[in-house]
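Asker: Input: one structure, supplied below.
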Amino acid sequence: MKKIIPFILALCMLTMTACAGSGQSAENGKKEKVRLVLDWTPNTNHTGFYVAKEKGYFDEAGIDLDILQPPEGGAEGLVANGGGEFGVSFQDTIAASWAKDDPLPVTAVAALLQHNTSGLLSAKDKGIDSMGKLTGHSYATWNFPIELAMMKTMVNDDGGNFDKVELIPSNVTDIVAALKSNVDAVWVYYGWDGIATEDAGLETNYIPFIDSHPEFDYYSPILIANNDFLKDHPDTAKKALAAIAKGYEYAAEHPDEAAEILIKSAPELSDKENFVKKSQAYVSKEYIADADRFGVIDAKRWNTFYQWLADNKLVEQAIPEDFGFSNDYLPE
């Protein structure tokens, strides 16, 4: 759903010196430079990266990690064009970039959360306690085909009528303000926006999508890597992934300290300490959850979601089975 925007190539050219040197073994015992592009501003989905930096896990691995903010079009295009070795993306939003004859040259190398923690959030007084009851209410939409198809499926399968839902095009940045406006319901990731409404004392109804539709338990977010980097520098990729895994494992076991590290690394969050710690307590449980180790991607769940997209003609062409991800770079 996200398209590579034209300025990405120019951006990579402007940083040509960094692009040329990154991911390669440094001489004279220096650390290897690796760049990681976030999907958004720093938040608790990213805590493991900052923990790994703060705790020296990258230093121990001989990695000099640079965490970058994404360009307007997101991390995928920048990573694909060599502007970063790693980036944060989502299995649903990257699908369109892979469902073509010339797929975007990136691979998912880790799941940052083990399950899709998104769902429909609404103010409690709206009475939207099931997906079918969204009928007759307003919904803030990004107007993405996959998003709208998922919403239509869930509303109609619950006895509602998605054609009678008022769609309000909006990129909600303040969930509390949105739910106090003319927006009745918003698709959110509970670990951030849901916790924000709790912190504000707003009573809500929350409907996790995976409770009724297990095919929507896709991986969100994921860590992607540039394919040429993986091919030419597999050992560097593995060392970086080992450090990242240690960071997330630590954050899973020590949510309060991990939140403090995130705040230290992203000072713009310093006035939201209580909120960040609540969010971290929620998200830390999701990093590994029921998996046997951090980052592992289950092929069946990965393929099930992409098969659903193909069956519903939501992509240009079917994404081949087991395409787009690899567990080979994760530590055992």
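The values are calculated or read from the model by the stated rules, or taken from the named source; none is laboratory data. Model, not experiment: these values are computed from the prediction. Please note: Cβ atoms are built from the backbone with ideal geometry, for glycine as well, and neighbour counts cover all protein chains shown. Ligands, DNA and RNA are excluded from the accessible area calculation, which covers all protein heavy atoms including side chains. Shrake-Rupley method; radii C 1.70, N 1.55, O 1.52, S 1.80 Å.
Asker: Kindly indicate whether K3 is charged (D, E, K, R), modelled with pLDDT of 80 or more and open to solvent by 40 Å² or more (accessible area, probe 1.4 Å).
Answerer: Spelling it out, it is not the case that K3 is charged (D, E, K, R), modelled with pLDDT of 80 or more and open to solvent by 40 Å² or more (accessible area, probe 1.4 Å).
Asker: Criterion first (under 22 Å from the mean Cα position of the chain (by Cα), on the phi < 0 side of the Ramachandran plot and among the acidic types (D, E)) does E72 satisfy it?
Answerer: For E72, the condition - under 22 Å from the mean Cα position of the chain (by Cα), on the phi < 0 side of the Ramachandran plot and among the acidic types (D, E) - is met.
Asker: Suppose we filter segment 233-254 for residues that are open to solvent by 40 Å² or more (accessible area, probe 1.4 Å) and either part of a strand (DSSP E or B) or closer than 15 Å to D328 by Cβ (or both); how many remain?
Answerer: Result for segment 233-254: 5.
Asker: I need the full set of residues from segment 293-322 which are touching a residue at least 12 places away in the same chain (Cβ under 8 Å), out of contact with any Ser or Thr (no Cβ under 9 Å at 6 or more places or on another chain), assigned to a loop (DSSP other than H, G, I, E, B) and open to solvent by 30 Å² or more (accessible area, probe 1.4 Å), in order please.
Answerer: Across segment 293-322, the qualifying residues are R293, L314, E316, Q317, A318, E321, D322.
Asker: Here's something else I'd like to know. From A61, A99, A95, grab the single residue that is of a type in the set (G, A, S) and open to solvent by 10 Å² or more (accessible area, probe 1.4 Å).
Answerer: Among A61, A99, A95, only A61 is of a type in the set (G, A, S) and open to solvent by 10 Å² or more (accessible area, probe 1.4 Å).
Asker: A further question on this structure: Kindly evaluate Y218 against the criterion of being modelled with pLDDT of 95 or more, farther than 30 Å from P105 by Cα, open to solvent by less than 60 Å² (accessible area, probe 1.4 Å) and not in a helix (DSSP H, G or I).
Answerer: no
Table: residues versus (1) open to solvent by 40 Å² or more (accessible area, probe 1.4 Å); (2) over 18 Å from the mean Cα position of the chain (by Cα).
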{"position": "G119", "(1), (2)": "no, no"}
{"position": "D129", "(1), (2)": "yes, yes"}
{"position": "Y139", "(1), (2)": "no, yes"}
{"position": "I146", "(1), (2)": "no, no"}
{"position": "K152", "(1), (2)": "yes, yes"}
{"position": "V155", "(1), (2)": "no, yes"}
{"position": "G159", "(1), (2)": "yes, yes"}
{"position": "D174", "(1), (2)": "yes, yes"}
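Asker: How many residues, within segment 179-189, are buried (at least 17 other Cβ atoms within 10 Å of the Cβ) and either within 18 Å of the chain's Cα centre (by Cα) or over 16 Å from G119 (Cα atoms) (or both)?
Answerer: 4
Asker: While we're here: Restricting to segment 119-157, count the residues that are under 27 Å from F90 (Cα atoms), among the charged types (D, E, K, R) and touching a strand residue (DSSP E or B) at 6+ places or on another chain (Cβ under 9 Å).
Answerer: Within segment 119-157, residues that are under 27 Å from F90 (Cα atoms), among the charged types (D, E, K, R) and touching a strand residue (DSSP E or B) at 6+ places or on another chain (Cβ under 9 Å) number 2.
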